[in-house]
Amino acid sequence: MVLAAVAHAEAPDFSAVDEAARDAVTSGEVPGAVILVGRGDDVLYSRAFGWRALVPGPEPMTTDTIFDIASLTKPVGTAVAIMSLVEKGAVDLDAPLGRYLKEFQPHAFQQITIRRLLTHSAGLAAIPANHSMAVGFPAAARAIAKMKLDYPPGTGFQYSDTGFILLGEVVRRVSGRSLDDYLERLLFRPLGLRDTAFRPAAALRERIAPTEWNQGHILRGEVHDPRARELSGVAGHAGIFSTAADLARICRMLVNGGALDGRRVLRRDTIQLMWTRDQGGNGTRALGWDVTSSYALIMAPFFPAGSVGHTGFTGTSIWIDPASRTYLILLTNRVHPSGGGAARIRELRTRVTAAAGAALFRPVPVTTAASSGPAADVPEPVDGSDNGATTRSLATETVKSGLDVLVERGFAPLRGHAVGLVTNQTGIDARGRRAIDLIAGAPGVRLQAIFSPEHGIAGMVDADVPHGRDPATGRPIWSLYGPSRRPDSAMLRDVTALVFDIQDVGTRYYTYLSTLVYAMEEAGRRGIPVFVLDRPNPIGGRVVEGPLLDADLESFTGVHPIPVRTGLTIGEFGRLAAAERRIPVSLTVIAMSGWDRSLWYDQTGLPWVNPSPNIRSLTEALLYSGIGLLEATNLSVGRGTATPFEVVGAPWIEPVGLAEQLAPSTAPGCD
Amino acid sequence: MRLIVTDRDQIRPVTVALALAGALRERHRAEFRPERIQNLLVNRATMWAFLRSEPLEHLLSWADEDRRSFLKRLASYLIYR
């Protein structure tokens, strides 16, 4: 367990940052880059790579290059301006937007608050139409007010330039100064940021990194974002130009608690408020800053928990660890000269952040006890119950799944219920009968609806799964792996009990665990009891292996902080997750009989059904718990072959030497 | 390269994966891009140690700390022996 991560005392080795930047320039991923790493008042690393411009002619990148920082305008400009108004009592974070912009006074906008605009949870569209911005404010506000909301404010998250365009206008109307003028007085001039401005002066032009072709000329000193251009270059979502050195001064001011060189911009508690993860939306954002949203996952996993940051479309990014007062600034001109490259810049950001994070941070362990090995036996149940299991080593054909036990009990726990059944092709009894058909035919039980997880009801789909209908029972099949991954009120209409019967594989990142957690959360909200029909952990229940998931980085592929190889059955996981997440749900696990932790699936006598398209054997299920970790790298782990996860390959691997290096002592039990 | 499980009770697949990734990083540093291991590993301490090319034993020691804390947590939720 890690209490905190700290920057360590010795000089960090940033050679991997150099490697990443050089590779990105050499491969053409970006024309050039400037990278700066700072801690407190010290600059630890500052280098330029590649080319500031390729068109009309090559110009080498320099550390003082001025970049169009695009959406970094949101956190370092607009959010700072709004928070200064909050600090002065001129703006209330929880006030409706209509208090400041009269176009939003109608009741329909009451739930759009300043806070929700800052956290992209106000329901506004991602971007407004370009032409609606061309008229400028205040007409642009009227145009946005006519746009339909994409979702009820406060119920979701959608990154929205529209919201920050409105925040820029809030600054203007509340302060009486345009956003650029306000920030000039609040931030740029007090901190001595001579290379930072909306609409940079012509004298700075030669140091500005040009961006993209636009109507026959390359944009240079003119904002790249088309909506910001329509708004004459001054907008709340984009428009600031700056250098790494100037952005470093803003970072220093922020990590120092709001002041730099005797000039105070914000109070310390205002910055703490701005950087506190907000529970609104989907709980992944702070006020104007990203924490762990989907946009952050290319950087946040490499900086300590509690870090904040942002990215910009032109290829810019900032990540800050407030605790250690450490920050990383990565500026590129990735859109130069012909746009594109969004996917490739994701690689550079991840590599640079990973390299910088590894150089900068070391965890602080809770204890320093010597390791006793990589894995260990799971203890006995605390209540001594074992549901009929014994510690015998082999029990072929004696195991009954939770479904078999339910059938044996005549479905008594479900009598009188209208059941919603979460299941797939693995939901069968020992005789191969579907749980769907068994419950549909059970006396005193009504099958109300069916829910399918990732890969669909038949376990064959390797993409988003559509809703459907079960031909045998006529019941609807609601997909929990499509636009929504949770059962909603319409899907749960008239359901009085939710039953979960899916074979897990004992690995944390298998998404059936997430489907169970989401189902329990939604059922709990509606007072619907949940029954989990337990099934074996196919790779046994004795061994737990691998580190815990960092809790702040939970996602659909890692829903709860447990080890990689869980050692749990799906029923045990449900009990643990419901308790530790404090899910207010009535949970009943219909336990197996005859199973004990030492049993592998092929010792249970239960029929094997592939739990997902690429887990086709018990060996593959076992290897998946480790080799699956490598899947997102540039290795192939055998998907698409006859033996997924049993092979690892890449064109550049020299297999004989690699196999020799992986001596049996390193990887016992594997050749 | 094919992985053959010779003893399913002995093999520790997470250890195998980290050992394999470490060997690839050592032998093919210019080609292998290990950063996205973190997509599913989701553990900063282990990932930082890996990227610093620390010995496998160090990586496993972090996981071992985690395992100990997890074993304490899970006891009351177990159903089977």
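The values are calculated or read from the model by the stated rules, or taken from the named source; none is laboratory data. These numbers come from a predicted model, not from an experiment. Backbone-built Cβ (ideal geometry, glycine too); neighbour counts: all protein chains shown.
Being acidic (Asp, Glu) and surrounded by fewer than 17 Cβ atoms within 10 Å (Cβ to Cβ) is the filter; apply it to the range A:638-669 and report the residue that is modelled with the highest pLDDT.
Filtering the range A:638-669 for residues that are acidic (Asp, Glu) and surrounded by fewer than 17 Cβ atoms within 10 Å (Cβ to Cβ), the one modelled with the highest pLDDT comes out as A:GLU654.
A:ALA203 passes all but one of (1) under 27 Å from the mean Cα position of the chain (by Cα); (2) surrounded by fewer than 17 Cβ atoms within 10 Å (Cβ to Cβ); which number fails?
Evaluating A:ALA203 over (1) under 27 Å from the mean Cα position of the chain (by Cα); (2) surrounded by fewer than 17 Cβ atoms within 10 Å (Cβ to Cβ) leaves (1) as the failure.
Any idea which residue in the range A:569-599 is surrounded by the fewest Cβ atoms within 10 Å (Cβ to Cβ), counting only those that are under 15 Å from A:VAL505 (Cβ atoms) and out of contact with any Pro (no Cβ under 7 Å at 6 or more places or on another chain)?
Only one residue tops the list, namely A:GLU572.
When you go through B:ARG25, B:ARG12, B:ARG33, B:ARG52 one by one, which is the residue that is of a type in the set (D, E, K, R) and either more than 7 Å from chain A (Cβ to nearest Cβ) or touching a residue at least 24 places away in the same chain (Cβ under 8 Å) (or both)?
Exactly one of B:ARG25, B:ARG12, B:ARG33, B:ARG52 is of a type in the set (D, E, K, R) and either more than 7 Å from chain A (Cβ to nearest Cβ) or touching a residue at least 24 places away in the same chain (Cβ under 8 Å) (or both), namely B:ARG25.
Restricting attention to strands (runs of 3 or more DSSP E) lying wholly within the range A:1-105, give those where 3 or more residues are buried (at least 16 other Cβ atoms within 10 Å of the Cβ) and within 14 Å of another protein chain (Cβ to nearest Cβ).
Once the strands (runs of 3 or more DSSP E) in the range A:1-105 are filtered for at least 3 residues that are buried (at least 16 other Cβ atoms within 10 Å of the Cβ) and within 14 Å of another protein chain (Cβ to nearest Cβ), what remains is A:2-7.
Just need a number here: residues in the range A:182-200 that are of a type outside the set (A, V, I, L, M), crowded, with 16+ Cβ neighbours inside 10 Å and not in a loop (DSSP other than H, G, I, E, B).
Within the range A:182-200, residues that are of a type outside the set (A, V, I, L, M), crowded, with 16+ Cβ neighbours inside 10 Å and not in a loop (DSSP other than H, G, I, E, B) number 4.
Let me confirm something: among A:GLY626, A:GLY638, which residue is facing another protein chain (nearest Cβ under 10 Å), farther than 30 Å from A:LEU498 by Cα, outside any helix (DSSP H, G or I) and out of contact with any His (no Cβ under 8 Å at 6 or more places or on another chain)?
Testing whether each residue is facing another protein chain (nearest Cβ under 10 Å), farther than 30 Å from A:LEU498 by Cα, outside any helix (DSSP H, G or I) and out of contact with any His (no Cβ under 8 Å at 6 or more places or on another chain) leaves just A:GLY638.
Here is a list of conditions, (1) touching a residue at least 12 places away in the same chain (Cβ under 8 Å); (2) surrounded by fewer than 20 Cβ atoms within 10 Å (Cβ to Cβ), and A:ARG469 meets all of them except one; can you say which number that is?
Status for A:ARG469: all satisfied but (1).
Consider A:SER484 carefully, then state whether it is modelled with pLDDT under 95 and not in a strand (DSSP E or B).
Answer is yes for this residue.
Inspect all residues belonging to the range A:648-658 and state whether any of them is part of a helix (DSSP H, G or I) and among the hydrophobic types (A, V, I, L, M, F, W, C).
yes
Please tell me if A:ARG346 is surrounded by 19 or more Cβ atoms within 10 Å (Cβ to Cβ) and either out of contact with any Ser or Thr (no Cβ under 9 Å at 6 or more places or on another chain) or charged (D, E, K, R) (or both).
Against the criterion (surrounded by 19 or more Cβ atoms within 10 Å (Cβ to Cβ) and either out of contact with any Ser or Thr (no Cβ under 9 Å at 6 or more places or on another chain) or charged (D, E, K, R) (or both)), A:ARG346 does not qualify.
Could you check how many residues of the range A:298-357 are within 14 Å of chain B (Cβ to nearest Cβ), in contact with an Asp or Glu (Cβ under 9 Å, 6 or more places away or on another chain) and of a type in the set (S, T, N, Q)?
Of the residues in that region, 3 qualify.
What number of residues within the range A:120-150 satisfy the criterion of being in a loop (DSSP other than H, G, I, E, B) and either more than 21 Å from A:ASP94 (Cβ to Cβ) or modelled with pLDDT under 95 (or both)?
13
Given (1) at the interface with another protein chain (Cβ under 7 Å from one of its Cβ atoms); (2) outside any helix (DSSP H, G or I); (3) buried (at least 23 other Cβ atoms within 10 Å of the Cβ); (4) not β-branched (Val, Ile, Thr), where does A:ALA632 come up short, assuming only one miss?
Every listed condition holds for A:ALA632 apart from (3).
Any residue at all in the range A:537-544 that is at the interface with another protein chain (Cβ under 9 Å from one of its Cβ atoms), closer than 25 Å to A:VAL291 by Cβ and out of contact with any Phe, Trp or Tyr (no Cβ under 6 Å at 6 or more places or on another chain)?
No, because not a single residue in the range A:537-544 is at the interface with another protein chain (Cβ under 9 Å from one of its Cβ atoms), closer than 25 Å to A:VAL291 by Cβ and out of contact with any Phe, Trp or Tyr (no Cβ under 6 Å at 6 or more places or on another chain).
Being of a type in the set (Val, Ile, Thr) and more than 7 Å from chain B (Cβ to nearest Cβ) is the filter; apply it to the range A:545-568 and report the residue that is surrounded by the most Cβ atoms within 10 Å (Cβ to Cβ).
A:THR566
Would you mention how many residues in the range A:505-516 are more than 14 Å from chain B (Cβ to nearest Cβ) and of a type in the set (A, V, I, L, M, F, W, C)?
Residues in the range A:505-516 being more than 14 Å from chain B (Cβ to nearest Cβ) and of a type in the set (A, V, I, L, M, F, W, C): 0 in total.
Take A:ARG575 and decide whether it is in a loop (DSSP other than H, G, I, E, B), assigned by TED's automatic domain parsing to the domain that holds A:ARG535 and basic (Lys, Arg).
no
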